[in-house]
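One structure is given below, encoded as structure tokens.
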Amino acid sequence: MDLPIKKAVFDPNDPVMGLKMVSLVSDPAIQIHWITMDAHTPIKLAIQDEEQRIIFTPVLIPGQKIYRNIQGEEFDLMFDADTIEAIALDWQKKNLASTVDTEHSQKLIPGVTFFESVLSNDKRWSNPKGFEKLPLRTWFLTGKVESNETWNKIKAGELNILTVPQDSIKCYNMTDNTGGWGYFKPIPKQYILD
């Protein structure tokens, strides 16, 4: 059965919206520990440099369907490239590189700082090795983990993916232009997909 698809919409001028933090989690709400582009390419948080404690991960992927079950309503949530770019830019403008929690606890953890935020593109920064099959304009973050406790959890696989909280965005039903989850206002016509 195909689930309805709801498109994430972000308005940087709306004071309610926007990322407040990102979360390192073991069991993401999307019901998977990694995103599989094909049977041989799992995508998850990667330890890029163990000695320097550098981690690297895609955060949001254009067109990726993310299964959601919110109070019994099942649907796939999707972010387009323009929405991802707006969220990433807003996150940078607000200087949120060290606002990280675990398991969506909303309790900041010390010792994790993201120092690179990049949208892949065909002019300046193509998809890195291991992520070539992802679409352009995927949002990637690179971070340094100084906390021994958090680093040990990452190495043990207890924290294995970076997610964004669901209350950061609005979403709309792409088939009948109605909301049903999150923070809503009428959807502008430019966001309706045929």
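The values are calculated or read from the model by the stated rules, or taken from the named source; none is laboratory data. These numbers were taken from a predicted model, which means no experiment stands behind them. Positions of Cβ are backbone-derived with ideal geometry, glycine not excepted, and every protein chain shown enters the neighbour counts. With ligands, DNA and RNA removed, areas are computed over all heavy atoms of the protein, side chains included. Shrake-Rupley method; radii C 1.70, N 1.55, O 1.52, S 1.80 Å.
Near the amide H of SER98, within less than 5 Å, lie the amide hydrogens of PHE114, all on another chain or at least 5 residues away, with H placed in the peptide plane. Computed 3J(HN,Hα) for the range 106-120, one whole-Hz value per residue from the Karplus formula 6.51 cos²θ - 1.76 cosθ + 1.60 where θ = phi - 60°, is 6, 10, 4, 9, x, x, 10, 9, 8, 10, 10, 10, 9, 9, 5, glycine and proline marked x. Heavy-atom accessible area for GLU158, with the other protein chains in place and a 1.4 Å probe, reaches approximately 100 Å². Computed from backbone phi with θ = phi - 60° and the Karplus coefficients 6.51, -1.76 and 1.60, the 3J(HN,Hα) list for the range 66-77 is 10, 4, 10, 9, 10, 6, x, 8, 9, 6, 9, 9 Hz; x is used for glycine and proline. Estimated from the Cβ-Cβ distance and a Förster radius of 22 angstrom, the FRET efficiency linking GLN52 and SER126 is about 0.40.
Would you rank LYS7, LYS129, LYS93, LYS65 by solvent-accessible area, highest first, keeping every protein chain in place and using a 1.4 Å probe?
Numbers: LYS7 5, LYS129 180, LYS93 150, LYS65 120 Å².
Solvent-accessible surface, decreasing: LYS129, LYS93, LYS65, LYS7.
When the listed pairs LYS6/LYS153; LYS123/LYS144; LYS20/LYS123 are checked against a 28 Å cut-off, the alpha-carbon distance exceeds it for LYS6/LYS153; LYS20/LYS123. In this label model, LYS65 and LYS107 are separated by 3.7 nm, measuring between points 7 Å along each Cα→Cβ vector.
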